[in-house]
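A quick write-up on the structure given underneath.
The values are calculated or read from the model by the stated rules, or taken from the named source; none is laboratory data. Owing to the predicted nature of the structure, the values given are computational and were not obtained by experimental measurement. With ideal geometry, Cβ positions are generated from the backbone for all residues, glycine too; neighbour counts draw on all protein chains shown. When the accessible area is computed, the model is the full protein with side chains, heavy atoms only, and any ligands, DNA or RNA have been set aside. Shrake-Rupley method; radii C 1.70, N 1.55, O 1.52, S 1.80 Å.
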Amino acid sequence: MGTFHHGKGDLHGITVVVDTTGTEVFVGRCDTITPEGVILLDADRHDAAEGDVTKEAWVKKAAMFGVFSRLPRIIVPTEHVASVTRLGDL
């Protein structure tokens, strides 16, 4: 359902997974999806290239236990976004 604010979109206020075309994946509260990118609040980031945990394993753990809010606000550029999925749907 989501929180409805004019111009914010259906995912506003929902915790989402933003998978990228690269090695990074983000989990955070969706603020807005714009032509420039996905704006997340209170997010965390995982880069599979920086360790031995896959993106899929990290997201599974995030779905079970949540994430630390290491990034108060981040924009994931549209050209890097592979998918945006509600965390609760995984």
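Residues in the stretch 41-50 that are open to solvent by 70 Å² or more (accessible area, probe 1.4 Å) and part of a helix (DSSP H, G or I): how many?
Total meeting the criteria: 2.
Determine whether the stretch 5-14 contains at least one residue that is touching a strand residue (DSSP E or B) at 6+ places or on another chain (Cβ under 6 Å), open to solvent by 40 Å² or more (accessible area, probe 1.4 Å) and of a type in the set (Val, Ile, Thr).
Within the stretch 5-14, not a single residue is touching a strand residue (DSSP E or B) at 6+ places or on another chain (Cβ under 6 Å), open to solvent by 40 Å² or more (accessible area, probe 1.4 Å) and of a type in the set (Val, Ile, Thr).
Given the conditions (1) in contact (Cβ under 8 Å) with a residue 24 or more places away in the chain; (2) over 20 Å from Asp89 (Cα atoms); (3) acidic (Asp, Glu), which single one is not true for Asp31?
Just one mismatch for Asp31, condition (2).
Within the stretch 56-81, how many residues are of a type in the set (A, V, I, L, M), surrounded by fewer than 17 Cβ atoms within 10 Å (Cβ to Cβ) and part of a strand (DSSP E or B)? Break it down stepwise before answering.
Narrowing the stretch 56-81 to residues of a type in the set (A, V, I, L, M): 57, 59, 62-64, 67, 71, 74-76, 81.
Among the residues that remain, those that are also surrounded by fewer than 17 Cβ atoms within 10 Å (Cβ to Cβ) are: 57, 63-64, 71, 75, 81.
Keeping just the survivors that are part of a strand (DSSP E or B) gives 71, 75, 81.
The number of residues fulfilling the criteria is 3.
Per-residue answers, yes or no, for (1) of a type outside the set (Phe, Trp, Tyr); (2) out of contact with any helix residue (DSSP H, G or I) (no Cβ under 7 Å at 6 or more places or on another chain); (3) without any contact (Cβ under 8 Å) to a residue 40 or more places away in the chain:
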{"position": "Leu11", "(1), (2), (3)": "yes, yes, no"}
{"position": "Thr21", "(1), (2), (3)": "yes, no, no"}
{"position": "Val27", "(1), (2), (3)": "yes, no, no"}
{"position": "Glu56", "(1), (2), (3)": "yes, yes, yes"}
{"position": "Phe65", "(1), (2), (3)": "no, yes, yes"}
{"position": "Thr78", "(1), (2), (3)": "yes, yes, no"}
{"position": "Ser83", "(1), (2), (3)": "yes, yes, no"}
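Pick from Val84, Val18, Val53: which is of a type in the set (Val, Ile, Thr), open to solvent by 40 Å² or more (accessible area, probe 1.4 Å) and assigned to a strand (DSSP E or B)?
Details: Val18 fails: open to solvent by 40 Å² or more (accessible area, probe 1.4 Å); Val53 fails: assigned to a strand (DSSP E or B).
Step by step, each of Val84, Val18, Val53 is checked, and only Val84 is of a type in the set (Val, Ile, Thr), open to solvent by 40 Å² or more (accessible area, probe 1.4 Å) and assigned to a strand (DSSP E or B).
If Ile14 passes every condition in (1) farther than 17 Å from Pro77 by Cβ; (2) at pLDDT 95 or above; (3) aliphatic (A, V, I, L, M) but one, which one does it miss?
So the condition that Ile14 fails would be (2).
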